[in-house]
1. Select from the stretch 150-191 the residues that are of a type in the set (Phe, Trp, Tyr) and assigned to a strand (DSSP E or B) and write down the one among them that is nearest to ALA19 (Cα to Cα).
2. Looking at (1) more than 22 Å from ASP107 (Cβ to Cβ); (2) part of a loop (DSSP other than H, G, I, E, B), can you tell me which one LYS70 breaks?
3. Being among the hydroxyl-bearing types (Ser, Thr, Tyr), free of Cβ contacts under 8 Å to residues at least 24 places away in the same chain and not assigned by TED's automatic domain parsing to the domain that holds ALA14 is true for just one of SER166, SER154, SER110. Which residue is that?
4. Identify the residue in the stretch 151-172 that is at pLDDT 95 or above and among the aliphatic types (A, V, I, L, M) and, among all such residues, is surrounded by the most Cβ atoms within 10 Å (Cβ to Cβ).
5. Count, please, the residues in the stretch 192-219 that happen to be of a type in the set (Phe, Trp, Tyr) and in a loop (DSSP other than H, G, I, E, B).
6. Does GLU175 satisfy being surrounded by 12 or more Cβ atoms within 10 Å (Cβ to Cβ) and touching a strand residue (DSSP E or B) at 6+ places or on another chain (Cβ under 9 Å)?
7. Can you pull out the residues in the stretch 80-100 that are exposed (fewer than 12 other Cβ atoms within 10 Å of the Cβ) and over 22 Å from the mean Cα position of the chain (by Cα)?
Amino acid sequence: MHYLLEIILPNKTADIKQAVSEIMDPFDENGEDSANAFWDFYSIGGRFAGQKLIHTFEKDKLDKFYELLKENKITVSSVQCGKQEINPKSQIPLVDKLWNDLFPENDGRSCPIFNHSNSQYDEYGIICGDIMPVKECLDFECKHVIIANIKEYSGKYEAEYMLQDSIWNGVVHQETTWDGKIGSCVDMFIDQIKTYREEYVRKFSNIHNWLSITVDYHR
């Protein structure tokens, strides 16, 4: 199964790909210590690329787009693995035009709903919106959030806080009290650390201006 993870990083992170790698490494099912592992493959963006961007668009316009697809008899492949695939591919230019006519803020890029918009299985298969300021996606819902920062003792990024909407207890997936929203995860973290050392709390004072990175992971 593939799951949607958002990793929250300081907005001054120079190498996002390397930072994500450092954060994910301790949770690798193929690692030396797999006690807390939750992934065997991940991609930045992946099959969830563009979802945060789509979330910012008006629902009425999205509904209109789907109506236009029906009116123009746009068809997709009967086999789906990740995003749906336009089939035949000759329809892609029309789909992208319909999308960009409704959403000019997309700047002429491919429609992010379908799989021609990115390479879903590349290690770094991102599109616009996959790296977004936290303050712009507070209501976005996902499976899993990690808040991370760089550690002075190692110079590497590590998870500081992590929430999932459900946890495998050995028999079933048990739902947690978290509602799956990025904003509520940030609020819960800030509430938890409010009694910590002032120096530590200050590191996260600007967290709403940090970046939220979309990660597609498989387990």
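The values are calculated or read from the model by the stated rules, or taken from the named source; none is laboratory data. Model, not experiment: these values are computed from the prediction. All Cβ positions, glycine included, derive from the backbone under ideal geometry; neighbour counts span all protein chains shown.
1. So the residue we want is TYR157.
2. Unmet for LYS70, out of (1) more than 22 Å from ASP107 (Cβ to Cβ); (2) part of a loop (DSSP other than H, G, I, E, B): (2).
3. SER110
4. LEU163
5. Residues flagged as of a type in the set (Phe, Trp, Tyr) and in a loop (DSSP other than H, G, I, E, B) within the stretch 192-219 amount to 3.
6. In short, no.
7. Residues satisfying the conditions are PRO88, LYS89, SER90, PRO93.
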